[in-house]
Amino acid sequence: MTDFDPEKFEDKYANYFPELQQAYKNAFNRMNDRYDSELVHAIDQQVLNESEPFYEGDGEFRVELPENPHDRLTGVVVGKERFEQILEKHVEEIEHELERVFGFA
């Protein structure tokens, strides 16, 4: 567990890059075990690679997605509703993992 400093999180890639990688990896592994691995991998590589985590305060994190995430998806055929369900769950997993990695959960 890392000592978390909200001010240092403003420059998160310089100060917390290994922790961010670990949180995203843990979330990916959990999603990959539970859902269609092809879809999970596509979401990870084509949508979440451009996401941005933010610290909201009180031990909570938020992951901001790029615009039009469904339009970014290529190589996988999936309905928009199913895509949005899996993406939402994946984002929740990342937020939970950020809380866990930084000692809030």
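The values are calculated or read from the model by the stated rules, or taken from the named source; none is laboratory data. Because the structure is a prediction, the values reported are computed rather than measured. Don't worry about glycine lacking a Cβ; one is built from the backbone with ideal geometry, like all the others, and counts go over all protein chains shown. Keep in mind that these areas ignore ligands, DNA and RNA; they rest on the heavy atoms of the full protein, side chains included. Shrake-Rupley method; radii C 1.70, N 1.55, O 1.52, S 1.80 Å.
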Cβ charges +1 (Lys, Arg) and -1 (Asp, Glu), total dipole of the chain, debye: 460 debye
With all protein chains modelled, accessible area of Glu52 [1.4 Å, Å²]: 60 Å²
Going from most exposed to least, what order do Glu67, Glu93 have by accessible area with a 1.4 Å probe? Glu67, Glu93
Cβ charges +1 (Lys, Arg) and -1 (Asp, Glu), total dipole of the range 10-58, debye: 240 debye
Pick out which of Asn49, Asn26, Asn68 has the largest mean-square fluctuation in a Gaussian network model of the chain, springs linking Cα atoms closer than 10 Å. Asn68
Cα→Cβ-extended label distance, 7 Å offset, between Asp71 and Asn15, nm: 3.4 nm
Note, Ala14: beta-carbon cut-off 13 Å, +1 each Lys/Arg, -1 each Asp/Glu, net -3
Pick from Val78, Val63, Val47: which residue has the top mean-square fluctuation in a GNM of the chain where Cα pairs under 10 Å get a spring? Val78
Computed Rg/Rh for the chain (Cα atoms; Rh = Kirkwood radius) stands at 0.98
Counting only protein heavy atoms and leaving out ligands, DNA and RNA, the solvent-accessible surface of Tyr35 at a 1.4 Å probe, in Å² to the nearest 10, equals 70 Å²
The chain: angle of helix 80-101 to the longest principal axis, Cα-based, in degrees nearest 10: 20 degrees
Net charge contributed by nearby residues that have their C-beta within less than 12 Å of Leu39 (K/R +1, D/E -1): -1
Taking only protein heavy atoms and a 1.4 Å probe, the highest-to-lowest accessible-area order of Val77, Val40 is Val77, Val40
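Evaluate E = 1/(1 + (r/R0)^6) for Asp58 and Arg82, where r is the Cβ-Cβ distance and R0 equals 30 Å; express this FRET efficiency to the nearest 0.05.
Numbers: r = 32 Å, r/R0 = 1.08.
Calculated value: 0.40.
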